[in-house]
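The structure appears below as structure tokens.
The values are calculated or read from the model by the stated rules, or taken from the named source; none is laboratory data. Predicted model only: the values in this text are computed from it and were never measured. A quick note on method: Cβ atoms are made from the backbone with ideal geometry, for glycine too, and the neighbour counts reach across all protein chains shown. Just so you know, the surface numbers come from the protein's heavy atoms only, side chains and all, with ligands and any DNA or RNA stripped out. Shrake-Rupley method; radii C 1.70, N 1.55, O 1.52, S 1.80 Å.
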Amino acid sequence: GSLATPACTERQNAYTGWLRSGPNYTPQMVVNGKTDVVGYKVESVAKTLKSMQRKIEDIPVAASEGAFEAALPDLTEKAAEIEVWLVVYDIPHEITVAEGNNRGKIISYANMVSKMEPLAIWDGRPEIRTVAAELEDYHAGFAILAQDSKTGEIYAAGQYRKPVVLTTEGTE
């Protein structure tokens, strides 16, 4: 199994340009769209996360009659052109690694992105936007990202998590 998808490769290539980094590497962690760090270097990741602790605006997301509504905040002072993205992620599951140092190992992944698509180019004025996110049984939910189309910086984010259904199978 592999986590590589054309959408992920395209996004990683975009970050290479935005961050002026390169070449692409794995595992790469990009924080707030502003800086990258090697994903398995725990101390570097912690340091980067701490240094990037700035306020990202919240995008409240609510379920509304088979669709969703995202309340986009006022970002008019941030950028003239902002991309709004829908990022659908899966429930935790295991994958057998096909290549590299972990080849043959079974690794459990959470919040693995299975679909990423642009929703709109937005001018940053506050609005309620309807989001038609089609969630399958294997999806855990989705995130909405508002990202500067020129620099890649994330200005706002929100998420919707599917409610967890508790079953009573096998109990009396």
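For the chain, the mean residue ellipticity at 222 nm estimated from helices alone is -4500 deg cm²/dmol, where every DSSP H run of n ≥ 4 contributes -39500 (n - 2.57) and the total is divided by all residues, rounded to the nearest 500. According to the Cα-based calculation, Rg over Rh for the chain is 0.99, with Rh computed by the Kirkwood formula. Net charge dipole, the chain: roughly 900 debye, given to the nearest 20, about the Cα centre with Cβ charges of +1 for Lys and Arg and -1 for Asp and Glu. For the residues 117, 153, 77, a GNM of the chain with alpha-carbon springs under 10 Å puts the largest fluctuation on 77.
For the residues 57, 65, 136, a GNM of the chain with alpha-carbon springs under 10 Å puts the largest fluctuation on 65.
Could you work out which residue, out of 105, 78, 150, moves most in a Gaussian network model of the chain, that is, has the largest mean-square fluctuation with Cα springs under 10 Å? Largest GNM mean-square fluctuation: 105.
Residues whose amide H comes within less than 5 Å of that of residue 131, counting only those at least five positions distant or on another chain, are 68, 69, 70 (H built at 1.01 Å from N in the peptide plane).
What's the carbon and sulfur percent of the chain's accessible surface, probe 1.4 angstrom, rounded to a whole number? The computed percentage sits at 51.
With all protein chains in place and ligands, DNA and RNA left out, the 1.4 Å accessible area ranks 129, 161 as 161, 129, largest first.
Evaluate E = 1/(1 + (r/R0)^6) for residue 121 and residue 19, where r is the Cβ-Cβ distance and R0 equals 22 Å; express this FRET efficiency to the nearest 0.05.
Working: r = 21 Å, r/R0 = 0.97.
After rounding, the FRET efficiency stands at 0.55.
Heavy-atom accessible area, probed at 1.4 angstrom with all protein chains present, ranks 107, 154 as 107, 154, highest first.
Across the chain, the mean sequence separation of Cα contacts (distance under 8 Å, 6 or more residues apart), normalised by length, yields a relative contact order of 25 percent.
Each residue of the stretch 63-74 is assigned a 3J(HN,Hα), and the resulting list reads 6, 8, 6, x, 10, 9, 10, 10, 8, 6, x, 7 Hz, derived from the Karplus form 6.51 cos²θ - 1.76 cosθ + 1.60 (θ = phi - 60°), x at Gly and Pro.
About the centre of its Cα atoms, the stretch 77-144 shows a dipole size close to 240 debye [charges on the beta carbon of Lys, Arg (+1) and Asp, Glu (-1) only; nearest 20 debye]. Largest accessible area first, the listed residues 121, 144 line up as 121, 144 when surface is computed with a 1.4 Å probe on the assembled protein chains.
Taking the chain as the region of interest, the number of lysine pairs whose Cα atoms are within less than 16 Å, with members eight or more places apart or on different chains, is 9. Computed from phi, the 3J(HN,Hα) profile of the stretch 130-135 under the Karplus parametrisation 6.51, -1.76, 1.60 (θ = phi - 60°) reads 7, 10, 9, 9, 8, 9 Hz, with x in place of Gly and Pro.
Solvent exposure of the stretch 19-172, expressed per residue, is 66 Å² of accessible area, with all protein chains present and a 1.4 angstrom probe.
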